[in-house]
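S.K.: Structure provided below as structure tokens; questions to follow.
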Amino acid sequence: MYPILEKRELSPSVKLFVVQAPAIAKKCQPGQFIILRMDEAGERIPLTIADFNRQKGTITLIFQEVGCSTRHLGRLGAGDSILDVAGPLGQATHIEKFGTVVCIGGGIGVAPVYPIARAYHEAGNKVISIIGARNAELLIMEDEMRQVSESLHITTDDGSKGRKGLVIDPLKELIAAGEDIRLVMAIGPVIMMKSVAEVTRPHSIKTLVSLNPIMVDGTGMCGGCRVSVANKNKFACVDGPEFDGHEVDFVGLMARQRMYHEAERIEREAGSCSCHH
Ligand SMILES: Cc1cc2nc3c(=O)[nH]c(=O)nc-3n(C[C@H](O)[C@H](O)[C@H](O)COP(=O)(O)OP(=O)(O)OC[C@H]3O[C@@H](n4cnc5c(N)ncnc54)[C@H](O)[C@@H]3O)c2cc1C
Ligand code: FES
């Protein structure tokens with residue numbers, strides 16, 4: 001069992017858990033994730049390790065309640081335990097001193113981008129961060145991102161915080177101003193990562209994206225997380241989750257993510273759910 005030591009509500013639908021998981025905290029690296037199962041009846045939920053403390057043996061998970069399993073998970077609190085936490089899974093982010101690195105987080109994507117931005121910062125890079133959300137209430141981790149960034153740009157779709165617009169707007173301006181960007185790391189909705197890759201492609205700025213296709217086993221065996229990268233099949237759970245954004249087939253990825261939408265709608269309307277809660 002993995003005890004939840006702390007729970008915080010970052011926004012009405014975004015929760016933060018600090019979980020006791022010493023073996024994972026000991027070896028996890030920025031960019032990696034875990035798969036948890038709340039209890040015997042629970043679905044397997046992949047979540048990025050948003051932070052870790054090796055001394056205390058804890059990992060931090062930040063998740064958005066989007067469907068049945070994450071809503072049930074969100075009802076747990078400090079003092080409760082999670083049945084299984086498997087990890088660390090996936091390839092760690094390659095960290096070195098590149099120069100100027102732009103870290104972009106959209107919505108819940110700010111959570112996974114944070115430990116990566118921090119690691120780039122600690123490696124001596126000039127980190128410029130851009131975080132965005134639909135509105136101010138959904139914007140998370142502003143203070144944490146500011147601490148590891150030389151400058152932080154905030155955008156919201158409705159203008160309720162920062163500037164009104166999309167995360168690609170400040171990125172376009174940085175490029176136009178001649179900022180010598182060596183790497184862009186973007187994590188967020190697929191459509192956002194696709195747009196970022198389209199902005200950087202003509203300028204040949206290396207762009208990494210972290211993909212979140214449907215995952216089941218997390219071991220490369222089930223094929224659930226298959227993505228096409230440079231016209232080759234890759235499994236996001238073992239080959240990723242990070243890939244070169246200029247090589248990802250985003251259109252195929254979006255189609256695969258929609259695969260279960262109809263089944264999820266039917267479950268929602270019937271008031272039942274596949275995680276048996
Ligand atoms: C490597 C990885 C890291 C992730 N990190 C985070 C994170 O740090 N914070 C966070 O909030 N979310 C993260 N996710 C997404 C999270 O796993 C899903 O939101 C969650 O599984 C949805 O479960 P649900 O039953 O609540 O929703 P459902 O009703 O089952 O689904 C809602 C939507 O979530 C997506 N989804 C459902 N099941 C999965 C699955 N097994 N794998 C991936 N996507 C799924 C689908 O797009 C679906 O339409 C990550 C996903 C991956 C693959
Ligand atoms: S989740 Fe099964 S192959 Fe990646």
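The values are calculated or read from the model by the stated rules, or taken from the named source; none is laboratory data. Worth saying up front: this structure is predicted, and the values here are computed from it rather than measured. All Cβ positions, even for glycine, are placed from backbone atoms using ideal geometry, and neighbour counts span all protein chains on display. We work out accessible area using only protein heavy atoms, side chains counted, and drop any ligands, DNA or RNA first. Shrake-Rupley method; radii C 1.70, N 1.55, O 1.52, S 1.80 Å.
S.K.: Given the structure, is Ile49 crowded, with 17+ Cβ neighbours inside 10 Å, touching a Ser or Thr at 6+ places or on another chain (Cβ under 8 Å), free of Cβ contacts under 8 Å to residues at least 40 places away in the same chain and assigned to a strand (DSSP E or B)?
M.R.: Spelling it out, it is not the case that Ile49 is crowded, with 17+ Cβ neighbours inside 10 Å, touching a Ser or Thr at 6+ places or on another chain (Cβ under 8 Å), free of Cβ contacts under 8 Å to residues at least 40 places away in the same chain and assigned to a strand (DSSP E or B).
S.K.: For the range 90-132, give me each residue that is within 16 Å of Asn212 (Cα to Cα) and surrounded by fewer than 24 Cβ atoms within 10 Å (Cβ to Cβ).
M.R.: Gln91, Ala92, Thr93, Gly107
S.K.: Which residues, taken from the range 64-100, are under 16 Å from the mean Cα position of the chain (by Cα), of a type in the set (Ser, Thr, Tyr) and not in a loop (DSSP other than H, G, I, E, B)?
M.R.: Within the range 64-100, just Thr70 meets the criteria.
S.K.: Hey, another quick one. Can you tell me which residue among Asp217, Asp239 is open to solvent by 40 Å² or more (accessible area, probe 1.4 Å), in contact (Cβ under 8 Å) with a residue 60 or more places away in the chain and within 16 Å of ligand 1 (Cβ to nearest atom)?
M.R.: Numbers: Asp217 fails: open to solvent by 40 Å² or more (accessible area, probe 1.4 Å).
Exactly one of Asp217, Asp239 is open to solvent by 40 Å² or more (accessible area, probe 1.4 Å), in contact (Cβ under 8 Å) with a residue 60 or more places away in the chain and within 16 Å of ligand 1 (Cβ to nearest atom), namely Asp239.
S.K.: While we're looking at this one, here's another question. Can you go through Leu16, Leu61, Leu10, Leu36 and tell me which one is assigned to a strand (DSSP E or B), near ligand 1 (Cβ under 9 Å from one of its atoms) and hydrophobic (A, V, I, L, M, F, W, C)?
M.R.: Exactly one residue qualifies, and that residue is Leu61.
Conditions (1) over 30 Å from Met1 (Cβ atoms); (2) more than 16 Å from ligand 2 (Cβ to nearest atom); (3) modelled with pLDDT of 95 or more, marked per residue:
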{"site": "Glu65", "(1), (2), (3)": "no, yes, no"}
{"site": "Thr70", "(1), (2), (3)": "no, yes, no"}
{"site": "Cys103", "(1), (2), (3)": "yes, yes, yes"}
{"site": "Pro115", "(1), (2), (3)": "no, yes, no"}
{"site": "Arg134", "(1), (2), (3)": "yes, yes, no"}
{"site": "Glu137", "(1), (2), (3)": "yes, yes, no"}
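S.K.: Which ones in the range 203-227 are at pLDDT below 95 and of a type outside the set (A, V, I, L, M)?
M.R.: Hits for the range 203-227 are Asn212, Pro213, Asp217, Gly218, Thr219, Gly220, Cys222, Gly223, Gly224, Cys225, Arg226.
S.K.: Taking the condition of being in a loop (DSSP other than H, G, I, E, B), within 16 Å of ligand 1 (Cβ to nearest atom) and over 11 Å from the mean Cα position of the chain (by Cα), how many residues in the range 203-214 meet it? Spell out how you get there, then give the answer.
M.R.: As a first pass, look at the range 203-214 and keep what is in a loop (DSSP other than H, G, I, E, B): 204-206, 211-214.
Applying the additional criterion that residues be within 16 Å of ligand 1 (Cβ to nearest atom) yields 211-214.
Imposing the further condition that a residue be over 11 Å from the mean Cα position of the chain (by Cα) reduces the set to 213-214.
Qualifying residue count, the range 203-214: 2.
S.K.: Give the range 170-189 a look and list any residue that's open to solvent by 40 Å² or more (accessible area, probe 1.4 Å) and either of a type in the set (D, E, K, R) or touching a residue at least 60 places away in the same chain (Cβ under 8 Å) (or both), or say none.
M.R.: Correct list: Lys172, Glu173, Glu179, Asp180, Arg182, Pro189.
S.K.: Okay, next question. Would you be able to tell me the number of residues in the range 237-252 that are outside any strand (DSSP E or B), within 15 Å of ligand 2 (Cβ to nearest atom) and over 18 Å from Ile45 (Cα atoms)?
M.R.: 1
S.K.: Also, quick follow-up: Which of the residues spanning the range 222-232 are more than 6 Å from ligand 2 (Cβ to nearest atom) and either surrounded by 11 or more Cβ atoms within 10 Å (Cβ to Cβ) or of a type in the set (A, V, I, L, M) (or both)?
M.R.: Arg226, Val227, Ser228, Val229, Ala230
S.K.: OK, next. Under 18 Å from the mean Cα position of the chain (by Cα), part of a strand (DSSP E or B) and at pLDDT below 95 - does that describe any residue in the range 188-202?
M.R.: Among the residues of the range 188-202, not one is under 18 Å from the mean Cα position of the chain (by Cα), part of a strand (DSSP E or B) and at pLDDT below 95, which makes the answer no.
S.K.: Here is a follow-up. Could you look through the range 133-145, keep only residues that are touching a residue at least 12 places away in the same chain (Cβ under 8 Å) and part of a helix (DSSP H, G or I), and pick out the one that is most open to solvent (accessible area, probe 1.4 Å)?
M.R.: As a first pass, look at the range 133-145 and keep what is touching a residue at least 12 places away in the same chain (Cβ under 8 Å): 133-142, 144-145.
Adding the requirement that they be part of a helix (DSSP H, G or I) leaves 136-138, 142, 144-145.
On the way: Ala136: 38, Glu137: 117, Leu138: 32, Glu142: 40, Glu144: 60, Met145: 0 Å².
So the residue we want is Glu137.
S.K.: Taking Ser160, is it surrounded by 18 or more Cβ atoms within 10 Å (Cβ to Cβ) and either over 28 Å from Glu96 (Cβ atoms) or small (Gly, Ala, Ser) (or both)?
M.R.: no
S.K.: Looking at (1) closer than 19 Å to Leu89 by Cα; (2) assigned to a loop (DSSP other than H, G, I, E, B), which is the only condition Val227 fails?
M.R.: Among (1) closer than 19 Å to Leu89 by Cα; (2) assigned to a loop (DSSP other than H, G, I, E, B), the lone unmet condition for Val227 is (2).
S.K.: Shifting gears a bit: Quick check: anything in the range 190-209 within 16 Å of ligand 2 (Cβ to nearest atom) and either surrounded by 15 or more Cβ atoms within 10 Å (Cβ to Cβ) or over 26 Å from Ile62 (Cα atoms) (or both)?
M.R.: no
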